[in-house]
Amino acid sequence: KRTEVYRATRADVTIDDTLIGTFNDPAVVNLADTGLSIGAAYYYRVFTVDTNDAYTASNERSATTVPLNLPVSDSLENLDQWVTTGSWGISTQNPHGGSGTLADSPVGDYENSRDSYALTAVNLNGTSWPVLRFWDRVRMSSGDWGRVEVSTDGNSWTSVYGVSENQVRNEWAEQQIDLSPWRTQSNLRIRFHLWTDGSGTEDGWYIDDVSVGENPGVAIGYPFYEGFESGLGNWLSAGWVVDTSSPYVGQGAVRDTVAPRMAPDVTMALTLAGSLNLSNAVNPQLTFWVKGKLTYRSYFRVQVSTDGGLNWAEQGTANLNSDWTSDWVRRQVSLAAYANQTVRLRFVTFNVYGSAPDEDILLDKIAIAELPAAVVLETTTPYLKSVGLQWTASPL
């Protein structure tokens with residue numbers, strides 16, 4: 001007789017699944033299964049096999065490989081906290097810090113026609129405002145893409161950041177992704193995912209100094225004003241960059257992506273880095289100026305959360321959808337429904353694969369403040385070819 005151990009990634013393990021060990025010694029009663037994905041569930045059965053190859057199955061047991069507990073900080077000197085496919089590995093080429101950096105192709109250009117990733121998993125259960133931070137630089141060829149994706153089950157993935165075809169950024173840039181929508185998850189998978197087509201190649205995507213921890217927050221007073229003259233210190237931003245080429249006023253605006261285009265099928269969020277306390281507000285209004293182009297099911301949204309970032313409500317009066325193109329225009333959104341509450345606020349863009357290459361959104365002169373007092377307009381006695389007007393202030 002012999003013993004065979006089988007593994008599957010779903011219940012009801014059979015001998016058609018992955019064989020991970022065969023033992024002829026009846027004294028062997030344990031096995032270490034290595035090389036598994038992080039934060040993943042596996043199912044096991046032991047089969048007793050006689051000389052006639054008749055199989056008797058044991059009961060079934062499952063186990064989940066342990067995700068990382070916060071705070072997580074990885075300088076990417078090795079792959080101890082990662083599972084990789086394809087050619088992802090540690091490169092020593094111009095790291096952001098230390099001696100190593102995660103790269104899709106540690107030596108030379110990436111290969112054509114590849115779908116590969118580097119994956120880890122974290123336990124966010126009990127967190128208040130978890131944020132994923134990392135530094136990256138990128139050189140992408142035409143038709144190639146990279147995304148940061150998160151998943152609660154390892155099957156359905158949400159894209160929260162991306163790098164696009166033809167993008168070249170040799171300088172390291174910090175990216176900050178709000179993970180609050182998943183802050184109740186005990187096993188959130190995070191992966192850096194690269195797709196390449198069959199044409200040209202490039203040096204690829206480099207990631208360094210990855211961390212996941214609580215957002216320390218910044219003091220967001222009310223009223224709040226932002227012109228991006230001092231950078232993005234008031235925001236959690238991934239992909240969004242300060243643009244000094246064509247602001248509405250002053251010296252800077254903010255753009256939702258580095259040239260030449262938005263990454264496909266990716267939500268890019270610009271999130272206010274602290275909660276906005278509207279407890280003393282009466283009729284708060286959000287005003288901002290926006291410029292850009294949207295095509296083929298891409299969109300722009302303003303969203304507010306009242307439950308610590310788990311759920312976000314669209315503010316419909318700010319919605320911009322496909323086929324929208326404009327120079328600077330003003331938008332005004334009433335936040336009166338959130339008076340006497342503490343909320344979180346973010347701007348979001350989304351782009352669908354195949355959209356026009358020159359899509360982008362720029363924002364400037366953001367203000368969250370009380371609606372100014374209205375006036376009551378009166379007419380005085382009309383005269384020939386003229387009408388007298390006067391008014392008095394009237395609180396709303």
Applying a 10 Å radius around every beta-carbon, put 21-32, 301-312 in order of their mean neighbour count, most first.
301-312, 21-32
Rounded to a whole number, what is D in µm²/s for the stretch 145-301 from Stokes-Einstein with the Kirkwood radius over alpha-carbon pairs (4 °C, 1.567 mPa s)?
73 µm²/s
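Between rounded, prolate and oblate, where does the stretch 37-101 land on the alpha carbon gyration tensor, with a ≥ b ≥ c its root eigenvalues, rounded for a/c under 1.5, else prolate if a/b exceeds b/c?
prolate
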Return the distance in nm (one decimal) between the two label points of a simple spin-label model at residue 313 and residue 77, each offset 7 Å from Cα along Cα→Cβ.
4.9 nm
Extending each Cα 7 Å along its Cβ direction at residue 197 and residue 169, get the distance between those two points in nm, one decimal.
2.2 nm
Which cross-chain or sequence-distant (5 or more) residues have an amide H under 5 Å from the amide H of residue 38, H modelled 1.01 Å from N in plane?
83
Using per-residue counts of other Cβ atoms within 10 Å, averaged over each peptide, order 112-119, 361-368 from highest down.
361-368, 112-119
What are the ³J(HN,Hα) values, in whole Hz, obtained from phi via the Karplus relation 6.51 cos²θ - 1.76 cosθ + 1.60 with θ = phi - 60°, for each residue of the stretch 44-60 in sequence order, with x given for Gly and Pro?
9, 9, 9, 10, 8, 10, 8, 5, 8, 6, 8, 9, 10, 8, 7, 5, 9
Could you compute the FRET efficiency for residue 379 and residue 326, with r as their C-beta to C-beta distance and R0 at 45 Å, rounded to 0.05?
0.80
Evaluated at 20 °C with a viscosity of 1.002 mPa s, what Stokes-Einstein diffusion coefficient in µm²/s does the stretch 235-297 have when Rh comes from the Kirkwood expression over alpha-carbon pairs?
150 µm²/s
Of 197, 178, 104, the most mobile residue in a GNM of the chain (C-alpha springs, cutoff 10 Å) is 197
State the Kirkwood hydrodynamic radius of the chain in Å, one decimal place, computed from all pairs of distinct Cα atoms.
24.2 Å
Most fluctuating residue of 372, 382, 247 in a GNM of the chain with Cα springs under 10 Å: which is it?
382
Ordering 4, 60 by the accessible surface of their heavy atoms, 1.4 Å probe, largest first, yields 60, 4
Just want to confirm a number: the relative contact order over the stretch 200-346, from Cα pairs under 8 angstrom separated by 6+ residues, in percent.
24 percent
State the dimensionless ratio Rg/Rh of the stretch 294-396 (Rg: radius of gyration of Cα atoms; Rh: Kirkwood radius).
1.17
Given the candidates 23, 311, 151, the one whose Cα lies deepest towards the positive end of the charge dipole of the chain, counting +1 at each Lys or Arg C-beta and -1 at each Asp or Glu C-beta, is 311
Find the centroid of the Cα atoms in the stretch 320-390 and in the stretch 195-268, then give the distance between the two in whole Å.
23 Å
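Once fully extended, how much extra length lies between residue 9 and residue 66, figured as 0.36 nm per residue of separation less the alpha-carbon to alpha-carbon distance?
19.0 nm
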Residue 340 paired with residue 51, simple spin-label distance in nm, labels 7 Å along Cα-to-beta-carbon
8.5 nm
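Between beta-carbons, use under 9 Å as the cut-off and find the net charge around residue 289, counting Lys and Arg +1, Asp and Glu -1.
Overall, the nearby charge balance is +3.
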Could you estimate the translational diffusion coefficient of the stretch 14-128 from the Stokes-Einstein equation, with Rh from the Kirkwood formula over C-alpha pairs, at 4 °C and 1.567 mPa s, in whole µm²/s?
72 µm²/s
Treating only the Cβ atoms of Lys and Arg (+1) and Asp and Glu (-1) as charged, compute the dipole magnitude of the chain about its Cα centre; round to the nearest 20 debye.
1200 debye
With a cut-off of 8 Å between alpha carbons and a minimum separation of six or more residues, what is the relative contact order of the chain in percent?
14 percent
Cβ-placed point charges (K, R +1; D, E -1), dipole of the stretch 233-377 about Cα centre in debye, nearest 20:
120 debye
Share of accessible surface on carbon and sulfur in the chain, whole %, 1.4 Å probe and ligands ignored, is 49 percent
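The values are calculated or read from the model by the stated rules, or taken from the named source; none is laboratory data. From a predicted model like this one, the values you see are computed outputs, not experimental measurements. Ideal geometry is used to build each Cβ from the backbone, glycine not excepted, and the neighbour counts take in all protein chains shown. Heads up: the accessible areas ignore ligands, DNA and RNA and are worked out on the full protein's heavy atoms, side chains in. Shrake-Rupley method; radii C 1.70, N 1.55, O 1.52, S 1.80 Å.
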